[in-house]
Amino acid sequence: MTFRRFALCACCTLIAITAVMSSAKEPSRWGFSDRAERHMLPAVTTGPFDPAWSGDGRIAFSARGDIWVVGAKGGEAVAVTQGPNYYFEPTWSPDNQKIACATIDPSGRLGIATITLEGGKAEAIETGPGVAVEPAWSHDGHSLYYVNMVSGGGRGTGGPNIYRHDFASSSNALVGSGFQPAVSPNGKELAYVASVQGQIGTGGLWVRPIAGGEGHLVRYEQSEYRMKPAWTRDGKSLLYVSDEAGPNAVRIVSTEGGEPVRLTIDDRDAYSPTPSPDGGRFAFVSNRSGATVLYTVDMGGGPFPSWQAVPIRSWRPRVATGHVRLRVLNAQKRGISADIGVVASDGRFYAPAGGFAREIAMDGTHYFETQGESEIEVPVGPVKIEARKGFEYKPAVVTVQARTGGTSTATIELSRVANLPAKGWYSGDPHIHDLHQGDYGLTHETFFNELTAADLHVTNALIHMDGTHLMGRWSDLTGKPSPLSTPEYILQYAEEFRGSLGHIELLGIQHFILPLTGGDRYTPYGQPTVGSQYIDAAHAQGGLAGFPHPFVTPPNTPQQAANLIAVNAALGKGDFYDVGSLSSDEIGSAEFYDRLLNCGFRIAASGGTDNFSDVALDPPPGSDRVYVHVKGPLTVANWLAGIKAGHTFGTTGPLLTLDVAGHEPGDEIRLGADAPQTLHVHADALSIAPMTELDVLVNGKVAKKVTATDPLHISFDGEVAVPLGGWVGLRAEGPASHYVTDSYAFAETTPVYVVRVGKQWTSAADAQFLAQAMDALWTRVQNAAWRSDAERDKFHDEIEKARAVYARIAAQGNEQAAVGNR
């Protein structure tokens, strides 16, 4: 099996900016772990973020891609930066004359700059390779601390490191491992976040002497890159952010350790505390209104009624601006929801005030969701606006002129390239998360609006745990569609089991199947599990179970294939398999799927995004989706029944049609001894993103390849040899593209199964490979922290049962290796 990557299509860069791309298949822009990029690295917001309270009483913050300054009691926010760069994470110099910040330049480089307030000139600091973020001034202002991350770091051994930049010598010195540095008021100590041995999460709060010496742990919590410590003015305590009690909240803890006190009491998130000059109050931002709002509160904290909003009565950018009023229409001239990208004359992205500004990690494309009408303030000059809506509408672009102080209008009409619901085929996503420590305060309504903008007809929002922290709401799992659902668009909550050997999507269930995790070290659920009991429990509730994001890297060896999927498939468990996901490689995962098919297992092909819907740095829902042929009206039950029957294809963009002798995906064709050796196949692929080829597969091999002459439409109609039986499937491939929000264009159907003379064809070679994977799996886990010998033996028994199944198939199967020889 081969792993292929494609270059970004040069003609598809309307609202994309160049970025340093990851070599690993992760939903990442700079090559770090998905959590590091989604929760640690800065992103454009429409509301204030990362406030910094100066010694002379002003508050700087980032918003709309710039750094702004406002009085502590509110008033006019004045920008101190302008495009084409984006600016984030401001911090004041000790003399209050400069601001250091993180910045992204037009090439996509994320680094550090300083800004002199008189004149507003930004000067980049040379920080070496990788990305640089989170600046913090030294006490004397002669140097600057910052965090450097080189691709391959993130949570791994090459994780973030703190450096000190000396202005006089322009040199950088390594301080140590960690991130989010904060210098004490007397300049003698450095607070920061770093990992804690034997604990889960991204780290605890540490303090170390700046002059040298060992740091001491102040507080451990299961954090997620959100702590961001800030010293109180007396230097005796740290303000920081914690989600230990549910939503992210500001806490205070003594630098000598002990128990913290929660200061912001609310059911929504609070971030980025910064103390006032006299130490009597602190400022922070809250997403309780959706977009973040800047607040201050007494240092003793309190519930929401005690907070004081810092009212921003007007915004004064450094450049002349105008407004653009946008309408999005369908072919019937009615307003429709869509995802919108707006790029102004300075080359930067802009979003409506109070909107949710988002960015697609794969190529740096910015977007926001509209329900049909939006108004955006932008710099004067030409403004390019692009609208897109799922995979069945042709993206459209218009250009308008923004006039100083005026309002221009723009209308975009979206036309269909396909109407699959008219044929009974409905798109859906079995793997979306709504709440995941995001910057934006997502409500059920705003979440549902995201789904309709992506033209996603059935959404399964999965509630799960990261470590021991719940991501989602316990009350949302009811087994019924959300009250927001319509006859055309349905939202229903479900569960994701997250284990060390793989995850499982549990759809159509009415009650949680607990615990939500398994195999996490340093938790009560550290014992490995193959999760078969979760699949059984889902089936007992009338639901389905599937395998999400199967493989980040192609499973070319039994060791790489050693996870829970092959075990459960052999035991007859599992209903669908996501050939497409942000967190897996499509081709590698699909070729493993073909191995399972070659062992005689009938599992539907699916696709699930695995996006975090309240996080800025993430693509829209349905970036990876499954299309299901639904018999009867669109309901969750009918949609799941279509998956169970295998009437599906998973896709990152291409829309597939497969007809094998009058049969659709999931059907079975039974042939007698005198039946012809060939079957008539009609295959079609239609896409808004370029494709390079369309492959008709027989038992994992390419039986017919059609190279694209029209990259948006490829067809095949002809005879295909299936002499031994087995299965016939369809796959489309294409390059990375502005219109693919995963890595590249890809789609694969569930096959049509072909049984000749009552005998199912299987591959001995693939069965042998998977049998070896069972041995590798046991080697991987046999010395784990088992609760008892009995449970260890029970696990081993499941492995041995699966291995026996593969051994039997290998003994009976065709000797021809089907997968890996394409």
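The values are calculated or read from the model by the stated rules, or taken from the named source; none is laboratory data. Keep in mind it's a predicted model, so treat the numbers as computed, not measured. Glycine also receives a Cβ, built like all others from the backbone with ideal geometry; neighbour counts cover every protein chain displayed. In case anyone asks, the SASA skips ligands and DNA or RNA and just uses the protein heavy atoms, side chains included. Shrake-Rupley method; radii C 1.70, N 1.55, O 1.52, S 1.80 Å.
Computed values, structure above
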read-out	value
Which listed pairs, of K759/K801; K333/K389; K389/K705; K759/K794; K423/K759; K384/K423, have C-alpha distances above 25 Å, in listed order	K389/K705; K759/K794; K423/K759; K384/K423
Burial ranking of peptide ranges 264-272, 676-684 (average Cβ count within 10 Å, highest at the top)	264-272, 676-684
Area of T409 that stays accessible when all protein chains are in place (1.4 Å probe, Å², to 10)	100 Å²
Net charge dipole size for the chain [Lys, Arg +1 and Asp, Glu -1 on Cβ; Debye, nearest 20]	460 debye
Residue-level accessible surface for D466, protein heavy atoms, 1.4 Å, Å²	10 Å²
Per-residue HN-Hα couplings for the stretch 628-635 [Karplus 6.51, -1.76, 1.60; θ = phi - 60°; Hz; x = Gly/Pro]	10, 7, 9, 8, x, x, 6, 9
Theoretical gain in end-to-end length, V757 to D298 [0.36 nm per residue, Cα-Cα removed]	157.2 nm
Length released on extending from A721 to R670, taking residue separation times 0.36 nm less the Cα-Cα span	16.9 nm
Spatial separation of Cα centroids for the stretch 746-818 and the stretch 564-613, in angstrom	14 Å
Spin-label model distance (nm) - A173 vs D710, 7 Å beyond Cα toward Cβ	6.6 nm
³J(HN,Hα), Karplus 6.51/-1.76/1.60, whole Hz, each residue of the stretch 467-481, x for Gly, Pro	x, 10, 9, 6, 10, x, 10, 4, 6, 6, 7, 10, x, 10, x
Proximal lysines to K188, defined as alpha-carbon separation beneath 18 angstrom and excluding residues fewer than eight positions away on the same chain	K236
Highest-first arrangement of 74-80, 616-622, where packing means the average Cβ count within 10 Å	616-622, 74-80
Cα-projected label distance for A353 with A540, points at 7 Å along beta-carbon direction, nm	5.5 nm
Mean Cβ neighbour count within 10 Å, used as a protection proxy, ranking 389-398, 165-174 highest first	389-398, 165-174
Prolate/oblate/rounded label for the stretch 137-216 (Cα gyration tensor, a/c 1.5)	oblate
Loop trypsin sites (Lys or Arg not before Pro), the stretch 494-578, which have at most 14 other Cβ atoms in a 10 Å radius of their Cβ (DSSP)	R521
Cα shape, the stretch 637-790, gyration tensor, a/c 1.5 rule	oblate
Projected label distance in nm at E118 and E76, using a 7 Å step from Cα toward the beta-carbon	2.1 nm
Environment charge at A102 (Cβ cut-off 12 Å; Lys +1, Arg +1, Asp -1, Glu -1)	-3
Accessible area in square angstrom per residue, the stretch 659-783, 1.4 angstrom probe	35 Å²
Distance between the stretch 243-269 and the stretch 147-226 - C-alpha centres, whole angstrom	20 Å
Sites L514 and T553 - FRET efficiency at Förster radius 30 Å, r taken between beta-carbons, to 0.05	0.45
Heavy atoms of T459 accessible to a 1.4 Å probe, total area in Å² rounded to 10	0 Å²
The chain - percent of accessible surface contributed by carbon and sulfur, probe 1.4 Å	51 percent
Angle in degrees between helix 586-598 and the longest Cα principal axis of the chain, rounded to the nearest 10	30 degrees
Solvent-accessible surface ranking, highest first, for M40, M299 at 1.4 angstrom	M299, M40
Theoretical ellipticity at 222 nm over the chain - DSSP helices of four or more residues, -39500 (n - 2.57) apiece, nearest 500	-3500 deg cm²/dmol
Folded to 0 to 90 degrees: helix 444-453 orientation relative to the chain principal axis, Cα	60 degrees
Helix 764-781 axis, angle to the chain major axis (alpha carbon atoms, nearest 10°)	40 degrees
Residue-count net charge about R268 - beta-carbon cut-off 13 Å; Lys, Arg +1, Asp, Glu -1	-4
Whichever lysines have a C-alpha closer than 25 Å to that of K73, once near sequence neighbours (fewer than 8 apart) are set aside	K98, K228
Over the chain, relative contact order from alpha-carbon pairs under 8 Å, at least 6 apart, %	10 percent
Rounded Å value of the spacing that divides the Cα centres of the stretch 619-692 and the stretch 392-425	28 Å
Full-stretch length increase - L470, R318 - with 0.36 nm per residue and alpha-carbon distance subtracted	50.5 nm
Label point 7 Å beyond Cα of D267 along Cβ direction - residues of the stretch 491-517 with amide nitrogen under 19 Å	493
Relative contact order for the stretch 70-169, counting Cα pairs under 8 Å that sit 6 or more residues apart, in percent	18 percent
